[in-house]
Amino acid sequence: MFETLSDRLTTVFSSLRSKGKLSESDINATAREIRIALLEADVALPVVKDFIAQIKERAAGAEVSQALNPAQQVVKIVNDELINILGGETRRVRFAKTAPTVIMLAGLQGSGKTTLAGKLSRWLKNEGHAPLLVAADLQRPNAVQQLQVLGERAGTPVYAPEPGNGVGDPVEVARRSIEHARHAQHDVVIIDTAGRLGIDQEMMRQAADIRDAVKPDEILFVVDAMIGQDAVTTAQAFVDGVGFDGVVLTKLDGDARGGAALSVRHITGRPIMFASTGEKLEDFDVFHPDRMAGRILDMGDILTLIEQAEKAFDAEQAEKMTSKFASGEDFSLEDFLEQMQMIRKLGPIKNLLGMMPGMGQMRQQIDEIDDRDLDRVGGIINSMTPDERRNPKIINGSRRARIAKGSGVSVTEVNNLVTRFFDAQKMMRQMAGGMGIPGMPGTRR
Ligand code: GDP
C-alpha cells in the first residue's frame, strides 16, 4: 500500500537534497509536486487542499531549523502533517467499566466485516480478553456459517440464532447475545451486522436498531480501502445513518494508492483504529498514524519491527547466542538454522524487509523473495548429521550428494548453501572482530 505516493514523495525530496536554502518558488514547486502525488494516490480533494496549505505555511514560517537541511525540513513537515491527517495519536479500544464491552461492526457488504470480526476476536484473545462473536448478519447467505468457521479458527465462541428462536431478527439476536455474554463470562462482544452492496435506508435502519438495542461502547465502521474515493462517500453516509466511533480499513494489501486511508479520518473526524492487510486472521493490526506516515515516507517502520521482533524472539535463546559468540565459539550451521527459525517467526520476509528504512527502492527485488526458499534451506540443514552442522568443513562431495538426496534438492543448492554459510561465518567473525569481542577468532586487535 502507498507505493505510488511513497515513490513520488521520495522523488520530490531527492530533488531538494542539493539545495542550500529553500526560496519561495522552491516551496511552491515542492508543494505542487506533493499535491500531484496526493491526487495520484486518490486522496480526496478537500484533504489535499488542507494538507498543502499546512505544508506551505509551515515551510515558509518561522520554524526554519538550523539543525536540518532544507530537504530534511520538508520531510519533517510532511511527516508531521501526514501523522496529523492520519489521526495523530493511536486510538485504542475503549473498554467499558462493567463487562461486557460491546463492539458493533457496520459497513457495506463485502467490506470485510465478517473477516474482521474473526481477526478482532483473535487479537482481543491475544490481549487477554474473552471475546464472544455474534452473528447478526442474517442477510447475506452463509454469513453466519462464515463467522462460525472464523470463530473456530480464532478459537472464539460464536453466538448465532438457533432455528425457531428469534430467527430472522438480528436485533433480537444482538440483544440476547449480551445476556449470553454476561452468563458465560465474556468480557467483549463483537457484533457482526448485515451490509448491503450499496448505501441503503433499510440497512441503516437495521444497524441503528441494533445500536439502540445493545448500546455499543464502540461502533466500528469497516471500509474496503480498494474502493478509493467511494470510501469517503460511504463513510459519510454511515456517519449520518448510524454514527460510528472508529474506522477499520480493510484490504490495504490490495491498494497501492492508499487514498482512502489518508482521507477518511480528515473527512469524518473519526480515527482509523485498525488496518487489515490480507485474508488470513493474522493480517491485522492496530493502526498507528505515526508508523504509517513513516512507512509512506519510506523511513521504515522500525517501531513495528521492534515490537514484532520482541514478540517472536526468545530472550533466553538470544542471550545464549550472544554469549556463545563472545566466548569465541564459532558460528555453526546449527546456529544458522536457529537464527533462521527465529526470523521465520516474525512473519513473511517480504513484510519484514518492507518495514526497513530505504527498502522502498528495492520493492521489486523484495517482491521476488519467496519464503519457501528459507524453508528449503531449513530442509537441507535438517538432512545433515549433527557433526556436519557443527563442523561444516567436513561436508565433502559425497556428503553433499547424500544431503541433496535426503532433502530432495539438487547438489548445486547444497553447494550454494554451504558457500553462503561460509560467507556468513566470515562476516560474523569480522563483526565480532570489529566489536573487539575478546577471544573471537579473527579479532583485529
Ligand atoms: P462482509 O460481507 O463485509 O462480511 O465481507 P467478508 O468478511 O465476507 O469479506 C469479503 C471478502 O474480502 C472475502 O473474500 C475476504 O476474504 C476478503 N477480505 C477481507 N479482508 C481482507 C483484507 O484485508 N485483504 C484482502 N485481500 N481480502 C480481504
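So which residues in the range 213-263 are among the β-branched types (Val, Ile, Thr), within 16 Å of the ligand (Cβ to nearest atom), modelled with pLDDT of 90 or more and part of a helix (DSSP H, G or I), if there are any at all? Step through it out loud before you land on a result.
Restricting attention to the range 213-263, the residues satisfying the condition of being among the β-branched types (Val, Ile, Thr) are 214, 219, 222-223, 227, 232-234, 239, 242, 247-248, 250.
Imposing the further condition that a residue be within 16 Å of the ligand (Cβ to nearest atom) reduces the set to 219, 222-223, 227, 234, 242, 247-248, 250.
Among the residues that remain, those that are also modelled with pLDDT of 90 or more are: 219, 222-223, 234, 242, 247-248, 250.
Hit for the range 213-263 is Thr234, nothing else.
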- Message: Just to verify a result, which residue in the range 264-279, among those that are within 16 Å of the ligand (Cβ to nearest atom) and assigned to a loop (DSSP other than H, G, I, E, B), is surrounded by the fewest Cβ atoms within 10 Å (Cβ to Cβ)?
- Response: Glu279
- For the range 149-166, indicate whether the set of residues that are β-branched (Val, Ile, Thr), within 13 Å of the ligand (Cβ to nearest atom) and more than 23 Å from the chain's Cα centre (by Cα) is non-empty. yes
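Listed here are the residues, each with its yes/no results for (1) within 22 Å of Pro348 (Cα to Cα); (2) of a type outside the set (Val, Ile, Thr); (3) surrounded by fewer than 18 Cβ atoms within 10 Å (Cβ to Cβ).
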{"position": "Ile381", "(1), (2), (3)": "yes, no, no"}
{"position": "Ala401", "(1), (2), (3)": "no, yes, yes"}
{"position": "Gly408", "(1), (2), (3)": "no, yes, yes"}
{"position": "Val418", "(1), (2), (3)": "no, no, no"}
{"position": "Phe421", "(1), (2), (3)": "yes, yes, no"}
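On the given criteria, is Gly118 closer than 23 Å to Asp224 by Cβ, at pLDDT 90 or above and touching a Phe, Trp or Tyr at 6+ places or on another chain (Cβ under 7 Å)? Explain how you work it out, then say what you get.
Values: closer than 23 Å to Asp224 by Cβ: yes; at pLDDT 90 or above: yes; touching a Phe, Trp or Tyr at 6+ places or on another chain (Cβ under 7 Å): no.
So Gly118 fails the test.
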- Note on the structure: The residue that is modelled with the lowest pLDDT, considering only those in the range 92-114 that are under 22 Å from Arg270 (Cα atoms) and of a type in the set (S, T, N, Q), is Gln109
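Could you tell me whether any residue of the range 423-439 is assigned to a loop (DSSP other than H, G, I, E, B) and at pLDDT 90 or above? Steps first, answer last, please.
From the range 423-439, those assigned to a loop (DSSP other than H, G, I, E, B) are 435-439; that's our starting set.
Subset that is at pLDDT 90 or above: none.
Within the range 423-439, none of the residues are assigned to a loop (DSSP other than H, G, I, E, B) and at pLDDT 90 or above.
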- Query: What about Ala130, is it free of Cβ contacts under 8 Å to residues at least 60 places away in the same chain and near the ligand (Cβ under 8 Å from one of its atoms)?
  - Reply: no
- For the range 216-230, indicate whether the set of residues that are over 30 Å from Asp255 (Cα atoms), aliphatic (A, V, I, L, M), in contact with a strand residue (DSSP E or B) (Cβ under 7 Å, 6 or more places away or on another chain) and in the same structural domain as Thr250 (by TED's automatic domain parsing) is non-empty. no
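Within the range 196-212, count every residue that is of a type in the set (Gly, Ala, Ser) and either more than 13 Å from the ligand (Cβ to nearest atom) or surrounded by fewer than 24 Cβ atoms within 10 Å (Cβ to Cβ) (or both). Outline the logic, then answer.
Restricting attention to the range 196-212, the residues satisfying the condition of being of a type in the set (Gly, Ala, Ser) are 198, 207-208.
The next check asks that each one be either more than 13 Å from the ligand (Cβ to nearest atom) or surrounded by fewer than 24 Cβ atoms within 10 Å (Cβ to Cβ) (or both); those that pass are 198, 208.
Selection size over the range 196-212: 2.
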- Query: Does Gly406 qualify as being modelled with pLDDT under 90 and assigned to a helix (DSSP H, G or I)?
  - Reply: no
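Let me confirm something: among Ala143, Ala136, Ala99, which residue is more than 24 Å from the chain's Cα centre (by Cα), surrounded by fewer than 24 Cβ atoms within 10 Å (Cβ to Cβ) and within 13 Å of the ligand (Cβ to nearest atom)?
Details: Ala136 fails: surrounded by fewer than 24 Cβ atoms within 10 Å (Cβ to Cβ); Ala99 fails: within 13 Å of the ligand (Cβ to nearest atom).
Just a single option satisfies the conditions, and that option is Ala143.
The values are calculated or read from the model by the stated rules, or taken from the named source; none is laboratory data. Just so it is clear, the structure is predicted and the values come from calculations on it, not from any experiment. Positions of Cβ are generated from backbone atoms using ideal geometry, with glycine treated the same way; all protein chains shown enter the neighbour counts.
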